[in-house]
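Contents: one structure, followed by commentary.
The values are calculated or read from the model by the stated rules, or taken from the named source; none is laboratory data. Source: prediction; values computed, not measured. Neighbour counts run over all protein chains shown; Cβ positions are idealised from the backbone, glycine included. Quick note on the areas: whole protein, heavy atoms, side chains included, nothing else; ligands and nucleic acids left out. Shrake-Rupley method; radii C 1.70, N 1.55, O 1.52, S 1.80 Å.
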Amino acid sequence: MDDKKPLALVTGASSGIGFELAKQFAEHGYNLLLTAENGGLHLAADEIRAHGAEVRAVQVDLAEPGGVDRLYAAVTAEGTPLAAAALNAGVGKGGPFVETALEDEIRIIDLNITSTVRLAKRLLPDMVRRGEGKVLFTSSIAATMPGSFQAVYNASKSFVQSFAQALRNELEDSGVTVTALMPGPTETEFFRRADMEDTKVGRQEKDDPAKVAKDGFEALMAGRRKTVAGSAKTKAQGLVNRILPDSAKAAAHRRMAEPGSADEDASGTS
């Protein structure tokens, strides 16, 4: 790649927030290393190249053992140090915990938590040795509330949020900044893939992923600790969640995420 441009890594870059983050980096003069598990990654990479960036696409499943190792090998093979990394890959699953498949919940943990820790463990020491770098963790406003009918997903985002803020504190004198991106419900493939299209939150109007990514990119470049990204409604929810008790937040989440809640709402029964 052109070593005159800084290099950024974006995970989960084939669509949604990850794709829009990649566009932000490209439009601001970065070359890119993009990764996702699906074949849509290569189409996304072609679109990002149209913004003037050199792009390498690495198709790996970070939830699988060795996926992070293969990605890190691709990072080091570039020969250009990472100036920034957006650790955005994640997955969710809706439904009652006592009914959902254990393998779906374990995949959430493997991708949202384990792969994030493994990748941070590889990337951050390199940045600290150089005394520079920026890392964005895609957390969620879900990190601030118990996730009734998304119990493991919300818990995984609480982990990411805590992890990011702890790392930020540890690295405050290192030249490396850590920023947590906290979107609300966003117009992506997330709710379809999570089998949540029959829920209120699955059917409601959602935030624009381009706006979420812009907010996240600007926070990352400014070195901010965190940003609740997206619409004014999402930002207001972030403020309210600071004071509501967990029991109230869990009840509110249930109303939005319980299977069938969209149909109940349409019929006027809830």
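Listed here are the residues, each with its yes/no results for (1) closer than 27 Å to residue 118 by Cβ; (2) in contact with a Lys or Arg (Cβ under 9 Å, 6 or more places away or on another chain); (3) not hydrophobic (A, V, I, L, M, F, W, C).
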residue	(1), (2), (3)
156	yes, no, yes
181	yes, yes, no
192	no, no, yes
204	no, no, yes
238	no, no, yes
249	no, no, yes
254	no, no, yes
260	no, no, yes
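Just for segment 23-45: of the residues that are surrounded by fewer than 17 Cβ atoms within 10 Å (Cβ to Cβ) and within 23 Å of residue 216 (Cβ to Cβ), which one is farthest from the chain's Cα centre (by Cα)? Spell out the reasoning first.
Let us first name the residues in segment 23-45 that are surrounded by fewer than 17 Cβ atoms within 10 Å (Cβ to Cβ), namely 27-29, 38-40, 42-43.
Filter again for within 23 Å of residue 216 (Cβ to Cβ), leaving 27-29, 38, 40, 43.
Working: 27: 20, 28: 20, 29: 22, 38: 16, 40: 17, 43: 20 Å.
That would be 29.
Of everything in segment 22-69 that's acidic (Asp, Glu) and part of a loop (DSSP other than H, G, I, E, B), which residue is nearest to residue 103 (Cα to Cα)? Restricting to residues being acidic (Asp, Glu) and part of a loop (DSSP other than H, G, I, E, B), the top hit is 64. In the set 201, 212, only one residue is under 15 Å from residue 140 (Cβ atoms), open to solvent by less than 20 Å² (accessible area, probe 1.4 Å) and over 17 Å from the mean Cα position of the chain (by Cα); that residue is 201. There is at least one residue in segment 1-16 that is among the aliphatic types (A, V, I, L, M), at pLDDT below 95 and assigned to a loop (DSSP other than H, G, I, E, B). As a summary of the residue check, residue 224 satisfies the conditions (1) part of a loop (DSSP other than H, G, I, E, B); (2) at pLDDT below 95; (3) closer than 21 Å to residue 11 by Cβ except for the one numbered (2). Look through segment 232-259, keep the residues that are open to solvent by 40 Å² or more (accessible area, probe 1.4 Å) and in a loop (DSSP other than H, G, I, E, B), and return whichever of them is nearest to residue 197 (Cα to Cα). Across segment 232-259, the extreme among qualifying residues is 259. Only residues that are of a type in the set (S, T, N, Q) and touching a Ser or Thr at 6+ places or on another chain (Cβ under 8 Å): list them for segment 53-107, please. 59, 88, listed by residue number.
(1) in contact with a strand residue (DSSP E or B) (Cβ under 6 Å, 6 or more places away or on another chain); (2) basic (Lys, Arg); (3) within 15 Å of residue 11 (Cβ to Cβ): which one isn't true of residue 70, the others all being true? Result: residue 70 fails condition (1) only. For segment 70-83, a residue qualifies if it is assigned to a loop (DSSP other than H, G, I, E, B) and within 12 Å of residue 32 (Cβ to Cβ), and the qualifying residues are 78, 80. Only one of the numbered conditions (1) among the charged types (D, E, K, R); (2) over 23 Å from residue 232 (Cα atoms); (3) buried (at least 20 other Cβ atoms within 10 Å of the Cβ) is violated by residue 206, and that is (2).
Matching residues to (1) in contact with a Phe, Trp or Tyr (Cβ under 9 Å, 6 or more places away or on another chain); (2) among the basic types (Lys, Arg); (3) in contact (Cβ under 8 Å) with a residue 12 or more places away in the chain:
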| position | (1), (2), (3) |
| --- | --- |
| 193 | no, yes, yes |
| 196 | yes, no, yes |
| 201 | yes, no, yes |
| 208 | no, no, yes |
| 218 | no, no, no |
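Looking only at residues in segment 114-149 that are surrounded by fewer than 19 Cβ atoms within 10 Å (Cβ to Cβ) and among the aliphatic types (A, V, I, L, M), the one that is nearest to the chain's Cα centre (by Cα) is 117.
The set of residues in segment 150-182 being surrounded by fewer than 23 Cβ atoms within 10 Å (Cβ to Cβ) and closer than 28 Å to residue 256 by Cα consists of 151, 152, 155, 158, 159, 161, 162, 163, 165.
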